[in-house]
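The values are calculated or read from the model by the stated rules, or taken from the named source; none is laboratory data. Computed from a predicted model, the values in this text were never measured in an experiment. Every residue, glycine among them, receives a Cβ derived from its backbone with ideal geometry; neighbour counts consider all protein chains shown. All accessible areas refer to the heavy atoms of the entire protein, side chains included, with ligands and DNA or RNA removed. Shrake-Rupley method; radii C 1.70, N 1.55, O 1.52, S 1.80 Å.
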Amino acid sequence: SIRQIQASFEHLYIDEIERSHIMDMRKARQDVVTNATIRRDLQALSSLLEFAEFNGWRQGNPAALVLKRTKERRDPILLPTELDYEFMRSRLSPTMEALMVAGRATGARISEITGIQRNDLNAKASTLTVIGKGNKRRTVAIDDEAVRVLSSLPASIKTKHLFHFDGEEAKNA
């Protein structure tokens, strides 16, 4: 990021960089890159100016204020429709379909789902136990369809994991 914005500041000493210079850089880059990229550039510049301020080479960090005011433009997240979901299910192998069903039923991360062991599924209670971030164990209620799909997965003598491919554990790649 610093190299990308170098041309905007190379004619200035570090204590000469002001908000107006940063705003000029931001304006020049807006037609070329996304706001997310500009925010990364501003974060790098802000870190540099913060270091300079800490060492007494300048006062203040105008990049921090500009960074705070630079918002990312994001398209709204559109969740798949029921038709999208059914279309994908019809095209997947049973194990991949079950991974998708488990993700939808629990809201768990793929790395959490691939770590589920066979005894974490309680079909009678319609629950699935997931070990999440920080090794936090949580038990999630799942619907009858999820119980049916997950219960139908074949067991393997090679692994205790619920999700496997011919006995090889599913990996979060």
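Quick one: in the range 1-29, of everything that is among the polar types (S, T, N, Q) and within 17 Å of residue 52 (Cβ to Cβ), which residue is least open to solvent (accessible area, probe 1.4 Å)? Residue satisfying both the conditions and the ranking: 8.
Within the range 110-123, the set of residues being without any contact (Cβ under 8 Å) to a residue 24 or more places away in the chain and under 13 Å from residue 133 (Cα atoms) comprises just one member, 112. Can we say residue 81 is out of contact with any Cys (no Cβ under 6 Å at 6 or more places or on another chain), of a type in the set (Ser, Thr, Tyr) and at pLDDT 90 or above? So residue 81 fits the description; yes. Does residue 52 fit the bill of being closer than 30 Å to residue 165 by Cβ, open to solvent by less than 30 Å² (accessible area, probe 1.4 Å) and among the small types (Gly, Ala, Ser)? No: the conditions fail for residue 52. Among the residues here, residue 97 qualifies as at pLDDT 90 or above and within 30 Å of residue 116 (Cα to Cα). Every condition in (1) under 30 Å from residue 16 (Cβ atoms); (2) in contact (Cβ under 8 Å) with a residue 24 or more places away in the chain is met by residue 64 except one, and the failing one is (2).
Among the residues of the range 38-47, is any open to solvent by 30 Å² or more (accessible area, probe 1.4 Å), farther than 27 Å from residue 129 by Cα and among the polar types (S, T, N, Q)? Scanning the range 38-47 turns up at least one residue that is open to solvent by 30 Å² or more (accessible area, probe 1.4 Å), farther than 27 Å from residue 129 by Cα and among the polar types (S, T, N, Q).
For residues that are more than 22 Å from the chain's Cα centre (by Cα) and surrounded by 10 or more Cβ atoms within 10 Å (Cβ to Cβ), tally how many sit in the range 131-173.
26
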